[in-house]
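Read through the structure below, which is laid out as structure tokens, and then see the notes.
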Amino acid sequence: MTRFILLPLAVFALFSFFTGKAAADCDVICTDGETCIAAGLYPYVPDTDAFADAICNAWTSAGHTEKLYLIADESVWDGGYGSDPAYINGSGTQVPIDVFVYDAMYLNYWEPLTTPIPASQISDPSDFVSYALNALAQPSGDMLALPMLGCTNIMFYINGDKPMDGVATLPDFLSVNPAGVYISPVPFGRSGAMINMAGKTTIGVNYMVKGYLDSGSWPSMTSLDPTIIASMADLSETASYYNALTGAIPPLPDVEDQYIRAGYFSQGYGRTSIGFSESMSQMSDTTRSRLTLRAFPWSNRTGVANMFYADVVGVNSNSSYLSGGGTLPFALANLMTEAAVVQAAIAPLPNELSYLFPARESVLGNLAGMDPLYAQMQTILNGTTSELVAMPTTDRTSFHSFGGQVQQAVMSGFSGHCDLESPTFIGSDTQAATVCPSVCSTSGGWVGSWTNVAPPAWPGYSACGCNQCTQSSPLGSTVAPAAISTPVAQRN
């Protein structure tokens, strides 16, 4: 549903200039011999077209005559997690991506590969959020990269949940959200937590943040701390094996996979969903009107910093436009992070807000005046000291491997039951007692629970509750959809 928001006239005049169809095409690939500069956009946002339009319009409006090519294909540029900043142009030549948006969790990797933006090329640096400015600014005023977006792990829950209001530490969260509330990919009704730690990078960073906040220093990456692993296993048990650790969740129409938990939460499943602010873009207006937003507490201690991620714009040291003292890449990086451009990308009128977290204070303030959810996001930012998440490594490959070790350790430490799909559709207790013992025979035995209700089970499927988690998805390789009968369920 499109949301229309009344803006003060001055704000509308400022930002409507950058909205709508781009004045020039910035999706036409560069070719050999052209004066053409390329920028890689961060691909994991609700609407990359909004960013492309805002940047393209601003580039043309600023009077730049050079052709701009914006790359929004994650197979070419994935935000810096594994990609190198180069692409094959329209002439078949590999050339640098001159400017690119990357996740600053790999700041230490990208710093030696990028050229700092001179202070003289930066518009209003004091407007950048403090956690990013503190990490990126140099004593000279130059910056390693320019912040565009930020994010932190947020607990979403329904207004009036007093126990959730009282959560201040991870032990508090575990007490309010006990283990084993559900064992399916999706919980039944408003119960249980939903959190995504399925990716190797995600779970690796979570491990590091947890250790850093508890001890005040980054944990070693050469050996795993069993205390941190145990805490993360406890956290995963407030969700389910599939929801937290494998991501095997039934899809939802019109909801992007990365926001699937928010989509189910919006439909009435789960007591709380943990994710980034932009996941609210996948929720209904009714759900958003009832939300409380709180920063998720990774630490056992109170009074610790709130850890923010940032998507930042870096200038490729290999850009040919830097030769001879050229400044065009600096101008592009600065334009991409100007307040008006960032706001136009986050809130392209009259489209629905993306709920992305801007890395400029002025933009966050403007959006807080437009929507009370942004006011809650502003409270999260300003409620405590904030720090940038930047992993203490210069090796992306090794960190990914480390994340895999964390993943396997947490999975091994998971103590709970798991659903496994039955080879025949179950419609009664009698049928379950016949089918489930065999289904669970190599998974620790049947615990007596079963379901045929979607979404806890896949539509048209039924599942048995087994004592051990033995596969990454509840779906068996030979299971075929059954005709859907009147659904009933029994659950532990």
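The values are calculated or read from the model by the stated rules, or taken from the named source; none is laboratory data. Just so you know, these numbers come straight off a predicted model, no measurement behind them. When we count neighbours, we look across all protein chains shown, and the Cβ atoms used for this are built from the backbone with ideal geometry, even at glycine.
Remarks
- From the list Ser266, Ser279, the one residue that fits, being under 16 Å from the mean Cα position of the chain (by Cα), within 30 Å of Ala463 (Cα to Cα), in the same structural domain as Gly160 (by TED's automatic domain parsing) and modelled with pLDDT of 95 or more, is Ser279.
- All positions within the range 366-384 that are more than 23 Å from Thr48 (Cα to Cα), part of a helix (DSSP H, G or I) and not β-branched (Val, Ile, Thr): Gly369, Pro372, Ala375, Gln376, Gln378, Leu381, Asn382
- Boolean, Leu144 is under 30 Å from Pro118 (Cα atoms) and in contact with a helix residue (DSSP H, G or I) (Cβ under 7 Å, 6 or more places away or on another chain): yes
- Strands (runs of 3 or more DSSP E) completely within the range 39-105 that count 3 or more residues being within 20 Å of Thr115 (Cβ to Cβ) and within 22 Å of the chain's Cα centre (by Cα): 99-103
- The range 270-309, residues that are in contact with a Leu (Cβ under 8 Å, 6 or more places away or on another chain) and small (Gly, Ala, Ser): Ser277, Ser281, Ser299, Ala305
- In the set (1) within 17 Å of Gly275 (Cβ to Cβ); (2) outside any loop (DSSP other than H, G, I, E, B), Glu237 fails one condition alone, (1).
- Candidate set from the range 348-367 (those that are within 17 Å of Ser281 (Cβ to Cβ) and among the hydrophobic types (A, V, I, L, M, F, W, C)); member that is surrounded by the fewest Cβ atoms within 10 Å (Cβ to Cβ): Leu349
- Per-region count, the range 444-459, residues among the hydrophobic types (A, V, I, L, M, F, W, C) and free of Cβ contacts under 8 Å to residues at least 60 places away in the same chain: 3
- Filtered residue count, the range 240-258, keeping only those that are at pLDDT 95 or above and in a helix (DSSP H, G or I): 6
- Test result for Val176, of a type outside the set (Asp, Glu) and over 23 Å from the mean Cα position of the chain (by Cα): yes
- Taken over the range 326-365, the criterion of being in contact with a helix residue (DSSP H, G or I) (Cβ under 6 Å, 6 or more places away or on another chain), closer than 24 Å to Ile37 by Cβ, part of a loop (DSSP other than H, G, I, E, B) and at pLDDT 95 or above is satisfied by Ala359 alone.
- Applying the condition of being of a type in the set (Ser, Thr, Tyr) and in contact with a helix residue (DSSP H, G or I) (Cβ under 6 Å, 6 or more places away or on another chain) to the range 232-261 and asking which residue is nearest to Gln282 (Cα to Cα) yields Tyr259.
- Set side by side, the residues Ser441, Ser422 differ, and just one is at negative phi and surrounded by 16 or more Cβ atoms within 10 Å (Cβ to Cβ), which is Ser422.
- The residues of the range 106-153 that are assigned to a strand (DSSP E or B), small (Gly, Ala, Ser) and more than 21 Å from the chain's Cα centre (by Cα) amount to a single one, Ala137.
- When Gly404, Gly416 are checked against the criterion of being in contact with a Phe, Trp or Tyr (Cβ under 8 Å, 6 or more places away or on another chain), over 23 Å from Leu293 (Cα atoms) and not β-branched (Val, Ile, Thr), Gly416 stands alone in meeting it.
- Each residue in the range 37-66 was checked for being free of Cβ contacts under 8 Å to residues at least 40 places away in the same chain and surrounded by fewer than 20 Cβ atoms within 10 Å (Cβ to Cβ), and 6 of them qualify.
- Of the candidates Asn316, Asn306, Asn300, the single residue that is buried (at least 20 other Cβ atoms within 10 Å of the Cβ) and under 30 Å from Thr227 (Cβ atoms) is Asn306.
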